[in-house]
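Colleague: Structure below; questions to follow.
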Amino acid sequence: MLAARLGVNLLVGSPVFAGRRLFNVLLVFDRRGRLIHNYAKCQLTEGDRRWFTRGHGLSLFKVDGVQATAIICHERRYPELVRLPVMAGAQIVFQPNAGLDELSVSRAKRGGRDGMPVRAFENAVF
């Protein structure tokens, strides 16, 4: 396993079958190459729904002893997916993404904030 060989934590996005259902999943491997967490995208786009089944949980896991959470791509539009794990102690947010807007587009649409997850941390005290 690459994570063990390089001694790194590794997050990998992959389609994953569970029975006959296909999910859009983020897999988290620790430095020893062990699968320590998987998160199935729960807020699907219309295109996602053609292929994937929605997940039914939040993401909360530890990376080197630090609580973390993850959202996948489009889920950046749903701040509760970050806010709730932050309330449970998450200090890192991972967001694998197929592509964000160019900076000029982001500035015009959202004042430079591409998505809303950062708002979960605005009043957080660590």
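The values are calculated or read from the model by the stated rules, or taken from the named source; none is laboratory data. Since the model is a prediction, treat every value here as computed from it, not as a measurement. FYI the Cβ positions are ideal-geometry reconstructions off the backbone, even for glycines, and counts take in every protein chain you see.
Colleague: Hey, can you tell me all the residues within the stretch 69-94 that are within 15 Å of Leu10 (Cα to Cα) and either in a helix (DSSP H, G or I) or without any contact (Cβ under 8 Å) to a residue 40 or more places away in the chain (or both)?
Modeller: Passing the criteria: Thr69, Ile92, Val93.
Colleague: What strands (runs of 3 or more DSSP E), lying completely within the stretch 1-53, carry at least 1 residues that are at pLDDT below 95, under 24 Å from His74 (Cβ atoms) and not basic (Lys, Arg)?
Modeller: 10-18
Colleague: Further question on the same structure: Could you list, in sequence order, all residues of the stretch 37-64 that are of a type in the set (A, V, I, L, M, F, W, C) and within 12 Å of Pro15 (Cα to Cα)?
Modeller: Within the stretch 37-64, Ala40, Trp51, Phe52 meet the criteria.
Colleague: Of the residues that make up the stretch 55-62, is at least one surrounded by fewer than 17 Cβ atoms within 10 Å (Cβ to Cβ) and touching a Leu at 6+ places or on another chain (Cβ under 8 Å)?
Modeller: No, that holds for no residue.
Colleague: All but one of (1) touching an Asp or Glu at 6+ places or on another chain (Cβ under 7 Å); (2) of a type outside the set (D, E, K, R); (3) buried (at least 19 other Cβ atoms within 10 Å of the Cβ); (4) modelled with pLDDT under 95 hold for Cys73; state the number of the condition that does not hold.
Modeller: That leaves (1) as the condition not met.
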